[in-house]
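Enquirer: Have a look at this one before I ask anything.
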Amino acid sequence: MSEQPDYKDTVFLPKTDFPMKAGLANKEPGILARWEEHDLYGKLREARKGREKFILHDGPPYANGNIHIGHSLNKILKDLVARSQSLLGKDAPYIPGWDCHGLPIEWKIEEQYRKKKRNKDEVPAAEFRQECRDYAAKWVDVQREEFKRLGVMGEWDKPYLTMDFDAEATIVAEFLKFAESGQLYRGAKPVMWSPVEKTALAEAEVEYADVQSTQIDVAFEITESPIPELVGAHAVIWTTTPWTIPVNQAIAYGEGIEYDLIQALDGTGPVYLVASELWNEFRARMGNIELTTINDVMGHMLAGTIARHPMHKLGGFFANPRPFIAADHVTTEAGTGLVHMAPDHGEEDFFACKEHGIDPVFAVDDDGVYREDWLWLPRGDERAGNVINKRFNSSEGPICSDLREAGALLSASDDFQHSYPHSWRSKAKVIYRCTPQWFVRMDEALESGKTLRETALSEIDTTRFVPERGRKRLRSMVEGRPDWVLSRQRAWGVPITVYADKDGNYLNDPEVNARIIEAVRNGGADAWFAADHQALLGNTYSLDDWEVVTDILDVWFDSGSTHAFVLESGKWPNLRSPADLYLEGSDQHRGWFQSSLLESCGTRGRAPYKDVLTHGMTLDAKGFKMSKSLGNTLDPQKIIDVNGADILRLWASTVDFTEDHRIGPEILKGVTDMYRKLRNSFRYMLGALSDFDESERVAVADMPELERYVLHLLAELDATLKEAVNDYAFPRYVRALTDFANEDLSAFFFDIRKDCLYCDAPDDPKRRAYRTVLDTLFHALVRYASPVLCFTAEEVWQTRYPDAGSIHLEEWPAVNPEWRIFEHREKWNEIVSIRKHATEQIEPLRRDKIIRSSLEAELYMPIRDMPFDEETFAEVAIVAAVHDAKTYSVKKTDHSKCGRCWRLLPDVEEDGALCGRCAEVIGA
RNA sequence: GGGCCGGUAGCUCAGCCUGGUUAGAGCGCACGCCUGAUAAGCGUGAGGUCGGAAGUUCAAGUCUUCCUCGGCCCA
């Protein structure tokens with residue numbers, strides 16, 4: 001074989017500096033710095049000025065601690081929404097915010113005090129609040145940098161904080177709207193109370209854990225009854241909270257429950273009243289003594305029966321009669337079927353007693369000790385103590401001892417296992433405790449004629465939920481929730497700015513309220529606590545007649561008011577209310593989605609949002625919840641440092657975020673692989689277009705069918721992507737995009753046109769058409785990718801257009817919808833499927849090493865029956881030639897291989913010589 | 001304990017509402033090709049008792065019930 005020249009230098013290979021290896025972790029910070037330097041966010045606002053708005057309102061994360069993977073997902077999703085809406089051409093501002101008040105921060109400051117051995121109560125409240133403020137500010141700064149690093153674009157220089165004076169003033173104003181409209185009331189109700197933190201807790205602040213408690217059976221001697229046999233008998237109640245016995249006021253029974261009177265076998269000793277179904281269990285607790293039923297009575301017959309407290313000899317409160325009252329919640333699941341009622345310390349007790357005119361007595365002080373003037377175990381008594389103290393309640397503790405001495409303690413054991421609520425911060429047990437609290441009524445008709453609950457429910461009906469099941473979830477919660485408890489007995493928060501009289505009525509004067517709001521706007525929450533209240537009251541009222549309320553608002557009220565102080569305040573003029581979208585985790589059905597809805601419905605009669613998008617929780621690789629104690633957490637910062645933020649963003653947009661979803665090393669590896677393929681497609685396009693000149697451009701009508709088919713596919717993709725954006729369906733979006741890049745482009749179009757790109761003459765119309773389409777594809781794909789791979793898209797864009805502005809200022813690509821209508825569409829779909837079949841036919845010959853490249857194959861097939869010719873299909877299938885035949889077969893070609901284009905063609909004289917086309921191109 | 005939700009190839013997901021050919025895709029993996037997208041590109045292939053059990057039906061990944069595992073919220 002003669003020595004043939006090397007034609008490599010005559011081939012037009014792709015040329016680009018765009019590296020295959022991304023090095024995102026190193027590159028991204030530089031891109032971020034450039035965006036910031038050029039004020040990309042500001043430029044984008046300018047560019048979209050006057051356009052249709054899309055308002056995504058940010059739910060504020062709590063300003064405490066570094067961000068975790070859940071925050072990352074949430075913020076990335078928000079950024080995907082904002083960027084994709086902006087790509088559509090809308091003006092989609094994003095104002096991030098933070099939730100700054102509340103117990104967790106207070107707790108951190110108190111913890112610092114404890115370390116320094118300082119007593120919190122000795123620190124002036126204003127100083128304490130300042131420290132909380134500083135602490136929140138510090139974490140806002142930390143989290144801001146962490147969020148920015150994710151590539152989240154927004155008005156980071158001007159976020160909203162719930163502790164801004166403006167915000168606090170608006171929160172106060174919103175609160176006073178509830179007061180002025182009469183939806184606010186002061187009530188006394190048992191609320192979850194933490195004696196350690198000396199505060200009422202929200203449900204969200206409570207967690208349940210298994211504990212061992214003391215269970216006791218206590219006898220209440222019956223003194224009066226319509227049923228004569230009952231007089232002198234002992235009603236038996238069972239409880240796991242002995243400390244509530246000193247506050248007992250009644251005994252509840254179930255009307256439909258059957259009760260037995262039982263007594264020792266020998267007919268001596270006391271007679272006990274217990275539910276028939278439960279007396280065996282009762283007997284077991286008594287030590288399996290022999291008992292027998294001597295009579296039975298239906299629950300409803302117990303009405304009018306009266307017992308006396310075991311400690312009635314103490315007189316006063318304890319000497320009062322303890323009536324039997326009917327209550328629906330009494331069951332025969334456990335206990336004795338008779339339930340001792342302490343309206344101070346149980347929600348059910350409270351309501352059952354209220355119906356019978358029995359009011360709470362407020363026996364337990366805020367630190368969990370019976371008040372000083374209580375007759376049994378009062379503060380100061382040497383045996384007194386915190387009522388949740390284990391020893392206090394134990395079978396040898398003061399309560400049990402006194403009951404035993406009084407002959408009323410029938411059984412006591414310290415090993416009862418059950419789930420019990422604890423404060424999620426201090427992990428200490430909490431109690432129900434009746435205290436004066438401020439409430440918002442759910443069920444009183446307002447001016448509209450509808451109650452707050454009804455308004456909220458009808459607004460839920462008109463909101464769009466993604467996914468749809470969120471509607472049901474929010475609905476059932478709003479349907480079932482009790483009145484909203486607004487008050488907290490804490491320091492770090494927005495004050496409940498009302499003046500109350502002794503009966504709980506509050507001053508309701510718009511002029512006073514206006515002065516209060518103004519004061520808070522100037523001086524923040526401290527303005528209330530340190531106010532000259534007489535000045536606020538003016539001349540009309542005297543401070544002597546009013547008590548200044550010092551409670552603060554539930555933090556959910558703060559964040560529930562963000563629509564007022566962010567969307568409506570005018571501080572961010574490009575916002576408006578209601579928002580187009582609220583986007584948060586599914587846990588916010590109980591939280592922000594609901595508090596915002598109630599706040600807005602109570603003050604404006606409508607929801608503050610049009611759409612509600614919920615995402616699930618991020619779990620570990622095995623589907624378990626991440627927790628520090630399990631050691632299965634994944635730090636977003638580490639992922640960014642190793643893989644880059646674009647990988648995390650791509651992950652967030654591929655998982656089904658509407659459900660709970662997973663993350664782990666293997667998943668991230670998959671995401672990285674997906675990223676690499678996409679990146680390489682961009683690299684190829686950049687290389688292929690490196691010297692593309694506008695003069696090369698060819699009109700679509702003059703293009704080969706293959707080019708027009710690809711434009712058709714692009715137009716289909718375009719429609720799919722647009723729809724996905726409107727549905728917030730990012731997994732569908734990314735899937736469609738990557739499938740297109742991998743299948744339609746890399747494995748099909750690019751592969752087929754490689755010969756054309758490398759070997760045809762630069763002015764060949766086919767090559768020009770191909771590059772024209774490549775250019776169109778490039779412009780479309782880099783834009784499509786930009787919301788997701790915000791850094792990489794910028795890198796791609798800047799590689800091709802170093803002097804242009806950011807890719808993120810660009811709008812949705814100019815893909816002509818008419819391309820969707822392609823007259824040869826069916827034919828080309830068939831070509832694609834037959835191409836697949838053809839490669840399968842070639843495969844055996846490759847496996848047997850008869851041929852190596854498909855270019856060596858000649859294909860026999862019933863091509864005359866098909867709507868395309870031999871030449872077309874040979875090109876598309878990348879084979880040497882196609883011949884008509886009845887059945888499929890493949891044979892190695894006899895032709896020689898062109899030394900330049902490597903095709904095996906009849907006009908090549910010997911291997912390494914040039915084919916006619918190549919000879920012409922290089923002018924040989 | 002209650003309400004709601006989920007469990008389809010190694011991974012991420014379609015299919016389930018409106019039961020009906022051998023359950024699909026991409027990635028990964030294995031093998032092969034190419035060595036002019038080269039730590040890339042192309043091809044072929046293996047891989048699933050659709051969480052488990054029962055039921056309805058001529059027919060169930062798809063409908064029903066129970067169980068199990070996991071999640072969110074609540075008690």
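Enquirer: If packing is taken as the average number of other Cβ atoms within 10 Å across a peptide's residues, how do A:841-853, A:523-535 rank, most packed first?
Expert: The peptides rank, most packed first, as A:523-535, A:841-853.
Enquirer: Sorted by average packing, counted as other Cβ atoms within 10 angstrom per residue and highest first, what order do A:439-446, A:779-786, A:895-902 take?
Expert: A:779-786, A:895-902, A:439-446
Enquirer: Give the separation of the Cα centroids, the range A:186-264 to the range A:635-712, in Å.
Expert: Each part reduced to its Cα centre gives a spacing of 65 Å.
Enquirer: So if I take the centroid of the Cα atoms in the range A:514-576 and the same for the range A:412-428, what is the distance between those two points in Å?
Expert: So the two Cα centres are separated by 38 Å.
Enquirer: If you don't mind, another one. Under the rule of at least 5 residues apart or a separate chain, name every residue whose amide H is placed under 5 Å from the amide H of A:Val191.
Expert: HN-HN under 5 Å from A:Val191: A:Arg433, A:Cys434, A:Thr435.
Enquirer: Using the alpha carbons of chain A, what is the convex hull volume per residue in cubic angstrom, as a whole number? Spell out each step's value before the answer.
Expert: Numbers: hull volume 221.7 nm³, N = 924.
Per-residue hull volume (Cα only) is 240 Å³.
Enquirer: Which value in deg cm²/dmol, rounded to the nearest 500, describes the helix-derived mean residue ellipticity at 222 nm for chain A, given -39,500 (n - 2.57) per DSSP H run of n ≥ 4 and division by the residue count?
Expert: Values: 28 runs with 336 residues, N = 924.
Value at 222 nm, helices only, nearest 500: -11500 deg cm²/dmol.
Enquirer: So how far, in whole Å, is the C-alpha centre of the range A:754-801 from the one of the range A:818-837?
Expert: The range A:754-801 and the range A:818-837 have Cα centres spaced 22 Å from each other.
Enquirer: With +1 assigned to the C-beta of every Lys and Arg and -1 to the C-beta of every Asp and Glu, and no other charges, what is the dipole magnitude of chain A about the Cα centre in debye, to the nearest 20?
Expert: That gives a dipole near 1760 debye.
Enquirer: Going down the table (A:Lys117/A:Lys429; A:Lys90/A:Lys677; A:Lys8/A:Lys892), which pairs top 28 Å between alpha carbons?
Expert: With Cα atoms farther than 28 Å apart: A:Lys90/A:Lys677.
Enquirer: Assigning unit charges at the beta carbon (Lys, Arg +1; Asp, Glu -1) and nothing else, what dipole magnitude in debye, to the nearest 20, does the range A:826-923 show about its Cα centre?
Expert: Details: 15 positive and 19 negative charges, 86 e Å.
The calculated dipole for the range A:826-923 is roughly 420 debye.
Enquirer: In this model, which of A:Lys43/A:Lys75; A:Lys108/A:Lys669; A:Lys53/A:Lys722; A:Lys313/A:Lys427; A:Lys120/A:Lys189; A:Lys158/A:Lys722 are farther than 26 Å apart at the alpha-carbon? All intermediate terms of the calculation are to be shown ahead of the outcome.
Expert: Details: A:Lys43/A:Lys75 21 Å; A:Lys108/A:Lys669 38 Å; A:Lys53/A:Lys722 17 Å; A:Lys313/A:Lys427 38 Å; A:Lys120/A:Lys189 28 Å; A:Lys158/A:Lys722 31 Å.
Long pairs (Cα-Cα over 26 Å): A:Lys108/A:Lys669; A:Lys313/A:Lys427; A:Lys120/A:Lys189; A:Lys158/A:Lys722.
Enquirer: Please compute the alpha carbon radius of gyration of the range A:218-366, then divide it by the globular-protein estimate 2.2 N^0.38 Å. Two decimals is fine.
Expert: Ratio of Rg to 2.2 N^0.38 Å for the range A:218-366: 0.99.
Enquirer: Would you mind getting me the FRET efficiency between A:Gln130 and A:Glu290? Use the beta-carbon distance for r and R0 = 51 Å, nearest 0.05.
Expert: Here the calculated transfer efficiency is 0.15.
Enquirer: Roughly how big is the range A:362-401's charge dipole about its Cα centre, with Cβ charges of +1 (Lys, Arg) and -1 (Asp, Glu), in debye to the nearest 20?
Expert: 200
Enquirer: On to the next question. Work out, step by step, the length gained on full extension between A:Thr633 and A:Asn726: first 0.36 nm times the residue separation, then minus their alpha carbon distance; give nm to one decimal.
Expert: Residue separation times 0.36 nm, minus the Cα-Cα distance, leaves 30.2 nm.
Enquirer: May I ask you to order A:507-515, A:564-572, A:229-237 by the average number of other C-beta atoms within 10 Å around their residues, highest value first? Don't skip to the answer; put the middle values down first.
Expert: Values: A:507-515: 15.0, A:564-572: 18.6, A:229-237: 21.4.
Highest to lowest by the protection proxy: A:229-237, A:564-572, A:507-515.
Enquirer: May I ask you to compute the full-extension gain from A:Asp544 to A:Lys622, defined as 0.36 nm times their residue separation minus their alpha-carbon distance, rounded to one decimal in nm?
Expert: Values: separation 78, 0.36 × 78 = 28.08 nm, distance 6.37 nm.
Taking 0.36 nm per residue and subtracting the Cα distance, the gain is 21.7 nm.
Read-outs: derived from the displayed coordinates by stated rules, not from any lab. Treat the numbers as computed from the prediction; the structure is a model and nothing was measured. Counting neighbours? That spans all protein chains shown, and the Cβs are built from the backbone with ideal geometry, glycine included.
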